[in-house]
1. Determine whether segment 2-22 contains at least one residue that is touching a Lys or Arg at 6+ places or on another chain (Cβ under 8 Å) and farther than 19 Å from I60 by Cβ.
2. Mind checking whether some residue in segment 19-37 is within 18 Å of the chain's Cα centre (by Cα) and surrounded by fewer than 14 Cβ atoms within 10 Å (Cβ to Cβ)?
3. Can you name the number of the only condition in (1) out of contact with any Asp or Glu (no Cβ under 7 Å at 6 or more places or on another chain); (2) modelled with pLDDT under 80 that D57 fails?
4. Among the listed residues S35, S59, S43, identify the single one that is outside the structural domain of F89 (by TED's automatic domain parsing) and under 30 Å from R97 (Cα atoms).
5. If I104 passes every condition in (1) assigned to a loop (DSSP other than H, G, I, E, B); (2) at pLDDT 85 or above; (3) farther than 15 Å from C15 by Cα but one, which one does it miss?
6. Can you name every residue in segment 69-97 that is surrounded by fewer than 13 Cβ atoms within 10 Å (Cβ to Cβ) and among the hydroxyl-bearing types (S, T, Y)?
7. As an exercise: evaluate I70 against (1) at pLDDT 85 or above; (2) touching a strand residue (DSSP E or B) at 6+ places or on another chain (Cβ under 9 Å) and give the number of the one condition it does not meet.
8. Can you tell me which residue among T66, T8 is within 15 Å of the chain's Cα centre (by Cα), loosely packed, with under 10 Cβ neighbours inside 10 Å and among the hydroxyl-bearing types (S, T, Y)?
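The values are calculated or read from the model by the stated rules, or taken from the named source; none is laboratory data. None of the values given here were measured: they were computed from a predicted structure. Note that we place each Cβ from the backbone using ideal geometry, even for glycine, and neighbour counts take in every protein chain shown.
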Amino acid sequence: MDATEILTSNIDRLCQERKWKRKDLAKAMGVQAESLSRSLSGSPRLDTIEKIAKALDVSIKSLFDTPDAIEGFVSVRGKLHRIHSRTEFEKIVRDSRPKLNATITSVSVNDE
């Protein structure tokens, strides 16, 4: 998948999540639907990509992320975190786990 295909796929996915059609995105961007379609069928300019990201309330980077990327907000113990990747999410989860003050001295397994 090249960058334009990833961009278009992510835009379509984000629109679908919002129950938007491309014409709804174009309206939120303040452009004609035909203009948006022409941009996405070619090589969209940076200012168009910026408008798309703003209208969808996502980062420009997220528009080019591969499908398994994560972006959003997560609240942990009353603190809101903005995440831009799976790595950031995993770190927040790891850091939010309660720390154990006990030390394990031995482990036995009874395999019967």
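1. Scanning segment 2-22, I find no residue that is touching a Lys or Arg at 6+ places or on another chain (Cβ under 8 Å) and farther than 19 Å from I60 by Cβ, so the answer is no.
2. The answer is yes, given that some residue of segment 19-37 is within 18 Å of the chain's Cα centre (by Cα) and surrounded by fewer than 14 Cβ atoms within 10 Å (Cβ to Cβ).
3. (2)
4. From the options S35, S59, S43, the qualifying one is S59.
5. (2)
6. S75, T87, S96
7. Of the numbered conditions (1) at pLDDT 85 or above; (2) touching a strand residue (DSSP E or B) at 6+ places or on another chain (Cβ under 9 Å), the odd one out for I70 is (1).
8. T66
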